[in-house]
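First the structure, in the form of structure tokens, and then the observations on it.
The values are calculated or read from the model by the stated rules, or taken from the named source; none is laboratory data. Everything quoted here is computed from the prediction, not taken from an experiment. Cβ atoms come from the backbone with ideal geometry, glycine included; neighbour counts cover every protein chain shown.
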Amino acid sequence: MIRFESPWALLLVLLLPLVLWLGARRRRRAAVRFSSIATALQSGLSWRQRLGGLPACLRFLALLLIVLALARPQKGREQVRDVSKGVAIMMVVDRSSSMQQELSFRGSMQNRLEVVKQVFKEFVVGNGRALKGRSHDLIGMVAFSRYADTVCPLTLGHGALEHFLANVHIVNRRSEDGTAIGDGVALAAARLKTAEETLARQTGQTADAYTIKSKVIVLLTDGENNCGEHSPEAAAALAAEWGIHIYAIAVSGGEARTVVNTLLGAVKLPGFGPQVDTSTLEMMAAKTGGQFFKADDGGSLEAVYQQIDRLERSEIESLRYVDYREIYPLFVMAALLLVVLEVLLRSTVFRRLP
């Protein structure tokens, strides 16, 4: 669409005939009187005579373009900008030695951590089936054993997620083994508390460009808290104070096998892993307004993520606005070209003597 920022300037169009008439009077030249021009008329008109009014037309068009330029024509293009009311999600995953026990997942046996990583990735980017992806959400990850670490900070750029997940491994040092659920949740809650500042640094956008609708911790473990500075109760209290929901998932079931590296290679030995502390996980979920789930295999874990996906959805609003840009320089340039053409024609082809 085209609009005029100063439409009052278009009134100058009414003065154009007067300007042209005054110019024509000024250009009147001396004439030689003849008793009769009938014989001259019989000879016909040359093409220069037929086009004699062309310079005046060019002058008129140039003045008209100048008037239009004074009215400041602007070309507008409608823009649609999506404003997201998204969810900030921190995944808190157990990577203690017990997570190497195996689960059945899509026809094969994999250790619990690998299944968790695969399903979480599909939860974020989608799998073409029930999980549609979380493209409008802030996603981050904390992994914990005896110590809790931020694996992936909160980000809207999910392309790097696979790289971060690839660096999450089961702890291989006895001194680092353990299950610090409280520390993992407390660290994730602290990250979510400052999610707005993190988003502002990443995007550089205004505050209304993205609104955090809710903040969520998805906690996944197969054991009980046995180390760390923060108790699960204290970590849940922090999350509740900061308005963060905890969705706690207890991974159990599957074959309790332990992989032991020997001189003959990796050997799977039957074993008995720690019992998951479901009562503590239920308490953390209830205290923060979240929910507690149990997952016995890869399929049930995927079903849990589908439920969370339905419970925490983003909202997208479309803001429509018109972006205008000035186009009057085009009119000015066209007017100047017409004036130059008029001067050239009057000085050559339509030149008059005297």
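Where the second residue is aromatic (F, W, Y) and buried (at least 16 other Cβ atoms within 10 Å of the Cβ) and the first is on the phi < 0 side of the Ramachandran plot and at pLDDT 85 or above and lies in the stretch 139-167, which pairs have Cβ atoms under 6 Å and are six or more apart or on separate chains?
Short answer, once both residue conditions are applied: V151/F164; C152/F164.
Give just the number: which of (1) in contact with an Asp or Glu (Cβ under 6 Å, 6 or more places away or on another chain); (2) farther than 25 Å from N226 by Cα; (3) not basic (K, R) does S97 not satisfy?
Going through the list (1) in contact with an Asp or Glu (Cβ under 6 Å, 6 or more places away or on another chain); (2) farther than 25 Å from N226 by Cα; (3) not basic (K, R), S97 breaks only (2).
What number goes with the only condition from (1) at positive phi; (2) part of a helix (DSSP H, G or I) that D183 does not pass?
(1)
Here is a yes/no grid of residues against (1) of a type in the set (A, V, I, L, M); (2) at pLDDT below 90:
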| position | (1), (2) |
| --- | --- |
| A286 | yes, no |
| F293 | no, no |
| Y305 | no, no |
| V339 | yes, no |
| L345 | yes, yes |
| L353 | yes, yes |
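Taking the residues in the stretch 218-232 that are out of contact with any Ser or Thr (no Cβ under 8 Å at 6 or more places or on another chain) and under 17 Å from E282 (Cα atoms) as candidates, determine which candidate is surrounded by the most Cβ atoms within 10 Å (Cβ to Cβ).
L219
Being surrounded by fewer than 24 Cβ atoms within 10 Å (Cβ to Cβ) and in contact with a Ser or Thr (Cβ under 6 Å, 6 or more places away or on another chain) is the filter here, so list the residues in the stretch 233-246 that pass it.
Listed by number, the residues that qualify are A240, H245.
Here is a list: S252, S279, S300. Which entry is of a type in the set (S, T, Y), closer than 24 Å to S97 by Cα, over 31 Å from the mean Cα position of the chain (by Cα) and at pLDDT below 85?
S252
Filtering the stretch 111-160 down to residues that are β-branched (V, I, T) and more than 21 Å from the chain's Cα centre (by Cα), which residue is surrounded by the most Cβ atoms within 10 Å (Cβ to Cβ)?
V116
Could you grab me the full set of residues in the stretch 342-354 that are touching a residue at least 60 places away in the same chain (Cβ under 8 Å) and out of contact with any Leu (no Cβ under 6 Å at 6 or more places or on another chain)? Reasoning before the result, please.
At the first step, the residues of the stretch 342-354 found to be touching a residue at least 60 places away in the same chain (Cβ under 8 Å) are 342, 345-346, 349-350, 352, 354.
Within the stretch 342-354, L345, R346, V349, F350, R352, P354 qualify.
Please go through the stretch 47-105 and give me each residue that is of a type in the set (G, A, S), assigned to a strand (DSSP E or B) and modelled with pLDDT of 75 or more, ordered by number.
Start the filter on the stretch 47-105 by keeping residues that are of a type in the set (G, A, S), which leaves 52-53, 56, 62, 69, 71, 76, 84, 86, 88, 96-98, 104.
Right, trim to assigned to a strand (DSSP E or B) and you get 76, 84, 86, 88, 104.
Scanning the stretch 47-105 gives G86, A88, S104.
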